[in-house]
Every structure is written in structure tokens, then in C-alpha cells.
Amino acid sequence: MSDKIGDSAAMRITALEGMRALAVTAVLFYHLGAPWLPGGFLGVDVFFVLSGFLITRILLGELHERGRVDLVGFWLRRARRLLPALFVLIAVISVYIATRPPEQKTPLRDDLISSLLYVANWQFVLEGRSYFSEFQSPSPLRHLWSLAIEEQFYLVFPILAPIAFAGINRSTIRGKAFTFSICSVVFCASIAVMALLYDEADPSRAYYGTDARIHELIAGVGLSIIMRIGAVGPASAASSLATGGFFALLVLFVAIDDRGPFYYYGGSVVVCAATVALIAGLTLAPRAGLVRWLLSGRVAVNLGKISYSLYLWHWPVIAVLTPESIGVSGLTLAALRVSVALILSVLSYHIVEKPIRNGSVAGLRLTAVRVFPASIAAVLLLSVTTVIVTLDAKPEPDYVKQSEGLIVPRDADPRLPVIGLVGDSVAASLQRALAEEAGRRAHTLVSAARPGCGVGSSLLLDETDHPFPIAAVCAERTPRLQEQLIGRYRPEVVLWHSARDRTDIRVDGRVLRAGSAAWVRHRFADWDAALQRLTGQGARLVLLLPVWSSNASAGSSCGGEFNFDPAVCGRTFVTTEHLRRLYMDWAKGRSEPVTVVDLSKMMCPTGFPCPRTTAGVRMRDDDVHFSGEGSRLLAPRIIEAALNGASE
């Protein structure tokens, strides 16, 4: 009998290791961009529920046996389990940061230090999904937000647990009701916070916030409590619970969108319910079932054992190994990424995690007196190292910062004639040099350019058919800002540059696909409205045609600049060359004269594609925005064309 009980306990732990494997595999394929697994991010939710369940079971066991929680012992075990592998990852990333260009170091430094302090999720909330991040490589530490939430839970929950669980050991219904009331209030409040904070354009606050996520951990807590008091139901139903929970999660992995409203308006509760059912079934089933057999297999168990290391390493590997950095793509790149992540994870587990978690290294016992000071020293050392390797970091460029109003030079003479500027962040990257050149020609430049915005009022969509983070703000404020430019300053000429007007748009709840006939009609109408706003009081309009990137291909197949059918290629935007031709077609058919200035003639003397340098000057910071030197090279010719009204 005792042998069978022991085997059953081992089987339960084995199956839960397989559950970890399921969760980390879902996250891995989601981050690899698998189109058939849009809900793979829910693997994190599974981890949260499972963590809440396991940690609560440990704490309840201590309370039952000792009557108290050994906080120092609990935190020591967590430190030995989590910190060493994290410190190794952070050390490697700090070396990577040292190799990055200065303009990329500031956000990486902030991400690294916040990750060390386990507040990365709040760092990402404060940062939001920056428009600038569209033009930079993704942070290799972006995934550590979930570990931050877990650590915050591990720090606070054991302190509150003895109070919250005080009623469990009482025989009265009132005592148990007290415990369940606390859990229920926190659970429901968190669900409400997630729903209230959800914003389709930028769900980062609802996605990253501890307050919006805590209900997933509490779901695991509640299951552990229910099992502790024996209120989980008959064991005969366990196999059905496991099967139902397992297949429900698979469906959710395939069906849920991370930006869609369903997840934030109660879908996360469905994920919690499926995960709770799977955990309960795996823990209580008296005999093997299909799901239990699948999750107890050797591959699943071994993958579950290294799941923490795999979670740590998979995203940095994906972020660093890109088609641009290593020259491969498709399935070859995916296989390489998975292989490298698995190798690093196995090494981390056997060399770092396992020896330290066992409590001793080279015969040295890892007691609290040694572990806690060593951890603090490691945090300080890695923080100082990070600061040192980012001493040459450049702040975020001015041209990607949102302005709430018009930008006018501080020393502007109100008596001088005005040149207006409208458009996107590329226009804003020209702004300072244009203002200096305008001043030399006895004019004042007033800018209504807004980073991340086009020139019209269309709602711009990303590749997932959701608005860009600031799309709604752009659609509402851009026309108003242009009206203020004309009404207050009455410019004699307005410069227009926008490469942003190339994406899918949403009109009256309907998505218009980039390049389609309906999209072109709406685009032209939107540009007509902008033209009317900008020239209604006599200003001339100078349209600056966008320039291809230095990496652009001259091909007409998918991926080439001269492919004008984005729908066939599965693109959600038109190419730069396609946009240039649309602008020229539109400008020719207007009753109001539009002067067209082709920046490629200034930047690309040798023709297509545009070189990275012109006359020895690096023209763009990131292959999109103009550098300071590049904008100063272009500004005299742009202002000359604007004032003379001559196309170029």
C-alpha cells in the first residue's frame, strides 16, 4: 500500500513537470511567430496558476505541521531556485549590451536593471509599447515581466498567508468562509482591473500589471485550499477534469488573440478554469489516463525540468538570432533558434540550477547567511557593470517623442514668414535641421509632425488588425494640430512627409486592406481632406516623397519594393515604392497645385537602392529616420525647393 501511495505521489509530480513542458512549449512557439498558435502566450497564464497552486500547497503544509511559515527558509529556497540562472543570463546580456550601438543602450539598460530588481513588468507599463521600438530590435529581456510578477507574489504572499489561511484549520464554516472570501475578493478585483484597463491600441497596462494578473495566481491558491479541505469532488471525476482541461487549453492556445478583447474581458478566467481543471485532474486521478500518460512521458518530463531555463533563454536567443544578424530565415532559422535555446537551457539546468538548488556547491552549504548577501552583491555587481557598459548610451531621439502641441523654435521671430511641417516621425527627424535652415533664410519653421502618425484621420492598423498604440490619438489630434498650424501661423508653404500612410486602416468598423481599391479611395479622400486643411488659407503644399531603405530589393516578387499587391504576399502595408507612386498619382489629380520633391534624388545619386551614406555622410540612424548629419545635408535643398515652389 505504501509503495503504491509513493508511486502515486511521484506520478503526480511527474505529470506536473509535463504540464510545465506544455506551457513553455506554447510560449516558445508563440515567440517564434507560429501563425497557428496565436494564443501561445497563455503558457504564461498556465505557469501563474501552477505556481499559485504549488506555493500554496507548500505553505499550507508548513502551517499544518509547524503552525507557522518559515519565511527565511521559503525565501532561501526561492532564491536558490531562481536567482543563479537569472544572474547568469543577465551577465551574458550585459556583454551583449556592450556590443550594441549607443542609441540602443538606454532601453536595454533600463530593462536589465528592472529585471534584476524584479520590477520589469512595471518598467514595461511605464515605458508602454514605444513607437520607437518599432524601429529597434526587440529587447532580449522583454519576457522577464512574468518572472517579476511571480517574485512579487513570492515576496508578499507568504507574509499574508498565515492570516488569509487562518480559517482553514478551523472546523467552523465561518472560518473557511473567511479564507475563501479573501481569495474571492482579490480574484474578482483583479479580473475587474484587467477589464477596466484594457485598451485595444495598447493593452500593456492590463497585460503587464501585477494587479491585473494576480487572479491567475489566486486561482492556483484557491485550488490548493479546496484540495486541502477535501472539497474538490470525487476522485472518479479526476480523469475527466484532466482531459477537459488539457484539450480546453489546446483550443485556447489556437483561438485566443493577445490583443483582442475576449482575453481581457473574461477570457483569462476561462484559461484559469481550464488550467485548474488540468492540475486537479493530474493531482487526483487514481489511475493513468491519456492526458496523464502524455504529460508523464520522458520527453515531456525532461522538458518540464528545464522549463525555467528554457523560458529564460529562449527569448534572448530569438531576439539575437535574426535573419539580419545571421542571414538565414524560415524553418532553418526556427530550428536553429530552438536548438540553441535547448542547448543553453540544458547547460544552465545541469551546471547552474541543479547543483545550487540542492543546497551546496563544492561542499559549501548554501545557507541563508551565504545566499542572501551573495545575491545582493550579485545584483549590485551586475547593475554597476550595466551602467559602465552603457556610459555611451544615447537618449531616445527627440523625433520619436510625442508632442502635445505645435513645435516652435524658442527664439522664433513672430514677424518672420512661416514654413509649416506635417507628417510622421521621419518628418520630425528633419525638423531641427529644417528649422535651422529656415532661420538662415529669414523664415520660421513651425512643426505639426507627430511621431507614429500619418497626415490624415485614418485609424492605422498593425499586422494583427489592431490599431497601433497611438493610432486613436493620431486620428483625433492630427487634423486638429494641422488646423492650429494654419489658423495661428498662416504659413506660406507647408512641407508634407509621411511614410506612415501605408498600412491597413479601419473605417466604420471595417478593415480596408492596404493597396486595395477601397483603401486607395479612402487614402486619397483622407489626403484630400488634409490638403484642404493645409491650403485653405493660401499656403502652398510641398510633398516630400519617402525614400527606400538601403536594404530594399528591386524585385517585383513578395519582399521586393516593386511588388504592388500586398494582399497576395500577406502584407498589411504597401511598399515604399508603391506609396511613392500613389502620392504622385494623387498629386497630379488635385485642383490645388501640389509641388512634389523627390528626396531620393537628393539621397540616392547612384539610383536604387539608396546607399547608407551620401557624400560621406551617414544619412539615417536606423534605415528609417534621418540622422542629424543627414538631415543637415538635405535641409538646404528642401527649404530651397519649398521657397521656390519648384519640383525636384
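The values are calculated or read from the model by the stated rules, or taken from the named source; none is laboratory data. Remember, predicted model here, so these are calculated numbers, not experimental data. Counting neighbours? That spans all protein chains shown, and the Cβs are built from the backbone with ideal geometry, glycine included. Calculation scope for accessible area: heavy atoms of the full protein, side chains included, ligands and nucleic acids excluded. Shrake-Rupley method; radii C 1.70, N 1.55, O 1.52, S 1.80 Å.
Table for the structure above
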| read-out | value |
| --- | --- |
| From the C-alpha gyration tensor of segment 459-578, square roots of 5λ in Å | 28, 18, 12 |
| Spherically averaged projected area in nm², based on the convex hull that wraps the Cα atoms of segment 574-639 | 5.3 |
| Phi-based couplings in Hz for segment 433-443 (Karplus 6.51, -1.76, 1.60; Gly and Pro marked x) | 5, 5, 5, 5, 5, 4, x, 5, 9, 6, 10 |
| Computed magnitude of the charge dipole of the chain (debye, nearest 20; Cβ of K, R +1, Cβ of D, E -1) | 1600 |
| Shape of segment 5-114, Cα gyration tensor, a/c cut at 1.5 | oblate |
| Built amide H within the under 5 Å cut-off of Leu460, gap 5+ | Phe468 |
| Equivalent ellipsoid semi-axes, segment 373-506, via Cα gyration tensor eigenvalues times 5, rooted, Å | 36, 23, 11 |
| Rg/Rh ratio calculated on Cα atoms of segment 39-102 (Kirkwood radius) | 1.19 |
| Ellipticity estimate at 222 nm from DSSP helix runs (n ≥ 4, -39,500 (n - 2.57)) divided over the chain, nearest 500 | -19000 deg cm²/dmol |
| Using θ = phi - 60° and Karplus 6.51 cos²θ - 1.76 cosθ + 1.60, couplings along segment 527-541 (whole Hz; Gly, Pro as x) | 5, 4, 5, 5, 4, 5, 4, 7, 10, x, 10, x, 6, 8, 10 |
| Percent RCO, i.e. relative contact order, over the chain, from Cα pairs under 8 Å lying at least 6 residues apart | 14 |
| Accessible carbon and sulfur surface of segment 472-617 relative to its total accessible area, %, 1.4 Å | 50 |
| All aspartates and glutamates inside 14 Å of Lys394 as judged from Cα atoms, apart from same-chain residues fewer than 8 positions distant | Glu103, Asp110, Asp621, Asp622 |
| For Val493, residues with placed amide H under 5 Å, excluding near neighbours | Gly420, Arg540 |
| Anisotropy class of segment 489-643 from Cα gyration tensor, a/c 1.5 cut | oblate |
| Kirkwood Rh in Å, taken over all unlike Cα pairs in segment 475-523 | 13.0 |
| Low-density loop cleavage sites - GluC sites (Glu not before Pro) in segment 424-510, where at most 16 other Cβ are within 10 Å (DSSP) | Glu463, Glu492 |
| Whole-Å distance, taken between Cα centres, linking segment 190-260 and segment 522-580 | 44 |
| Per-residue ³J(HN,Hα) for segment 86-95, Karplus 6.51 cos²θ - 1.76 cosθ + 1.60, θ = phi - 60°, Hz, x for Gly and Pro | 5, 4, 5, 4, 4, 4, 5, 5, 5, 5 |
| Semi-axes of the equivalent ellipsoid for segment 401-441, Cα gyration tensor, largest first, Å | 18, 12, 9 |
| Pairwise centroid distance, computed over Cα atoms, of segment 600-648 with segment 367-420, Å | 28 |
| Cysteines in the chain that, by Cβ-Cβ distance, have no pairing candidate under 4.7 Å | Cys183, Cys188, Cys272 |
| Cα radius of gyration and Dmax for segment 275-404 (Å) | 21.5, 64 |
| For Val597, distant residues with modelled amide H under 5 Å away | Leu543, Leu544, Leu545, Glu648 |
| Rg/Rh for the chain, where both radii come from Cα atoms and Rh is the Kirkwood radius | 1.04 |
